[in-house]
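K.L.:
This structure is in structure tokens; I'll ask about it shortly.
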Amino acid sequence: MNKPKNFSDFFALSMTKFFRLIADTFFAKRYGHRAVVLETIAGVPGMVAGMLIHLRSLRSMQTGYGSQIREMLAEAENERMHLMFFIEIAKPNAFERLLVILAQGVFMTFYLFMYIFFPKTSHRMIGYFEDEAVKSYTEYLELVENGLVMNIRAPKIAIDYYGLSRNARLSDLIRSVRADEMHHSEVNHSYADNLSKISNLKKSEQKKVA
Ligand SMILES: [Fe+2]
Ligand SMILES: [Fe+2]
């Protein structure tokens, strides 16, 4: 667990706890439905960050942004694929579909402005979101392994994407998705750490000048 070190981190963690509480209240143990709805949100930040870093590179006419842009866009695409897997497993009801449309509008707007003004806090928050996703998929996996959720065959689209065996089950799919979420967590926390180092460097240089 990446411990919060400053106000920005605490804010990011508080937002994460707040969103987690909403998800827990709404979905409880319905992990299939939870995955479908939350993956529609998870696909937003990478696309927003990728687009904004891309625009920054265009504005500044500088290189050095390529790997970050590609990583963020790959994250968005990976989350979209998670949605495609779980939509085969849990079919959202009409209310959940409405919720997804509303949540996309609200979260997309919120995250766009948050990233423009506070990119470090934004990456930290997504790092914490991903930590929560890892926990949720671990809980889901436990239910499947304990026989409380049927360990059905993994959907073909997931077998092809991950190169799983033809007999792969839901538990194999959850393990693969969880590994992706761990990667997203590492990447976003590392981006937040780097931005933090840059802003600390700038502050110490300003002190020297003063
Ligand atoms: Fe995901
Ligand atoms: Fe993720």
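K.L.:
Residues that are out of contact with any Leu (no Cβ under 9 Å at 6 or more places or on another chain), away from ligand 1 (no atom under 16 Å from the Cβ) and charged (D, E, K, R): does region 178-195 have at least one?
P.N.:
yes
K.L.:
Here's another thing I want to ask about it. Mind listing whichever residues of region 125-163 are among the hydroxyl-bearing types (Ser, Thr, Tyr) and free of Cβ contacts under 8 Å to residues at least 24 places away in the same chain?
P.N.:
162
K.L.:
Right, next: Quick check on my filter: what residues within region 109-120 are assigned to a helix (DSSP H, G or I) and more than 15 Å from residue 186 (Cα to Cα)? Give the steps one after another, and end with the answer.
P.N.:
Start the filter on region 109-120 by keeping residues that are assigned to a helix (DSSP H, G or I), which leaves 109-117, 119-120.
Of everything in region 109-120, those that are assigned to a helix (DSSP H, G or I) and more than 15 Å from residue 186 (Cα to Cα) turn out to be 109, 110, 111, 112, 113, 114, 115, 116, 117, 119.
K.L.:
Now for a separate question. So which of 69, 53 is more than 16 Å from ligand 2 (Cβ to nearest atom), open to solvent by less than 20 Å² (accessible area, probe 1.4 Å), closer than 21 Å to residue 108 by Cβ and touching a helix residue (DSSP H, G or I) at 6+ places or on another chain (Cβ under 8 Å)?
P.N.:
The match here is 53.
K.L.:
Restricting attention to region 82-96, and to residues there that are open to solvent by 20 Å² or more (accessible area, probe 1.4 Å) and within 13 Å of ligand 1 (Cβ to nearest atom), which single residue is nearest to residue 136 (Cα to Cα)?
P.N.:
83
K.L.:
Residue check: is residue 132 assigned to a helix (DSSP H, G or I), open to solvent by less than 40 Å² (accessible area, probe 1.4 Å) and in contact with an Asp or Glu (Cβ under 7 Å, 6 or more places away or on another chain)?
P.N.:
Details: assigned to a helix (DSSP H, G or I): yes; open to solvent by less than 40 Å² (accessible area, probe 1.4 Å): yes; in contact with an Asp or Glu (Cβ under 7 Å, 6 or more places away or on another chain): no.
For residue 132, the condition - assigned to a helix (DSSP H, G or I), open to solvent by less than 40 Å² (accessible area, probe 1.4 Å) and in contact with an Asp or Glu (Cβ under 7 Å, 6 or more places away or on another chain) - is not met.
K.L.:
On the given criteria, is residue 195 more than 16 Å from ligand 2 (Cβ to nearest atom), in contact with a helix residue (DSSP H, G or I) (Cβ under 8 Å, 6 or more places away or on another chain), in a loop (DSSP other than H, G, I, E, B) and not charged (D, E, K, R)? First the steps, then the outcome.
P.N.:
Numbers: more than 16 Å from ligand 2 (Cβ to nearest atom): yes; in contact with a helix residue (DSSP H, G or I) (Cβ under 8 Å, 6 or more places away or on another chain): yes; in a loop (DSSP other than H, G, I, E, B): no; not charged (D, E, K, R): yes.
No; evaluated as a whole, the condition is false for this residue.
K.L.:
Taking the options 28, 23, name whichever one is at positive phi and modelled with pLDDT under 95. Can you show your working first?
P.N.:
Values: 23 fails: at positive phi.
Only one candidate passes the filter, namely 28.
The values are calculated or read from the model by the stated rules, or taken from the named source; none is laboratory data. From a predicted model like this one, the values you see are computed outputs, not experimental measurements. Using ideal geometry, Cβ is built from the backbone for each residue, glycine included, and neighbour counts are taken over all protein chains shown. To get the accessible areas, we keep the full protein, side chains included, count just its heavy atoms, and leave off ligands, DNA and RNA. Shrake-Rupley method; radii C 1.70, N 1.55, O 1.52, S 1.80 Å.
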